[in-house]
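Heads up: the structure comes next, in structure tokens.
Please treat every number below as a calculation from the coordinates, not as lab data. Since this is a predicted model, take the numbers as computed values, not measurements. Here the Cβ positions follow ideal geometry from the backbone for every residue, glycine too, while neighbour counts run over all protein chains shown.
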Amino acid sequence: MIEIMSETEGNILVVKATEKLTAKDYEEVFIPKINQLIQEYRKVRVVVFLAENFSGWEIGAAWDDAKFGIQHRNDFEKMAVVGGSKWVKWTTKISSHFMDGQVATYDTSDFQSAVAWAKE
């Protein structure tokens with residue numbers, strides 16, 4: 001499940017991912033909101049908080065995530081991924097080579113630091 005968090009403001013989208021993400025999460029929550037912000041601000045900053053009960057992506061969600069990221073690789077100023085296992089942090093760093101903007105990873109306890117970084 002993807003939930004838009006209260007820290008979202010202006011061109012900064014802060015979301016919380018719990019359990020297993022589905023294509024429906026992307027198609028009904030994440031993609032419409034981020035498209036709205038891209039239309040309004042041209043460049044966006046995103047913080048993705050992976051809750052302790054986050055268990056990954058269904059195939060359709062992983063495809064939506066990859067496809068959206070490729071299509072909009074020039075639309076991100078910053079992206080922070082908070083929490084997650086070592087493989088999530090590792091894949092985040094690899095994917096940063098395919099984006100124009102800055103990418104950072106943070107431990108779960110550093111959520112507020114990630115939001116502050118996105119707002120800088």
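Couple of notes before you dig in:
- By the count of other C-beta atoms within 10 Å, a proxy for reagent exposure, Glu58, Glu40, Glu120 are ordered fewest to most as Glu120, Glu40, Glu58.
- Compactness of the range 1-44 was expressed as the Cα radius of gyration divided by 2.2 N^0.38 Å, which yields 1.14.
- Cβ-to-Cβ counts within 10 Å put Thr92, Thr105 in ascending order as Thr92, Thr105, the fewest first.
- The magnitude of the dipole of the range 2-119, with charges of +1 and -1 set on the Cβ of Lys/Arg and Asp/Glu and taken from the Cα centre, is near 380 debye.
- When both the range 69-120 and the range 7-47 are represented by their alpha-carbon centers, they are found 13 Å apart.
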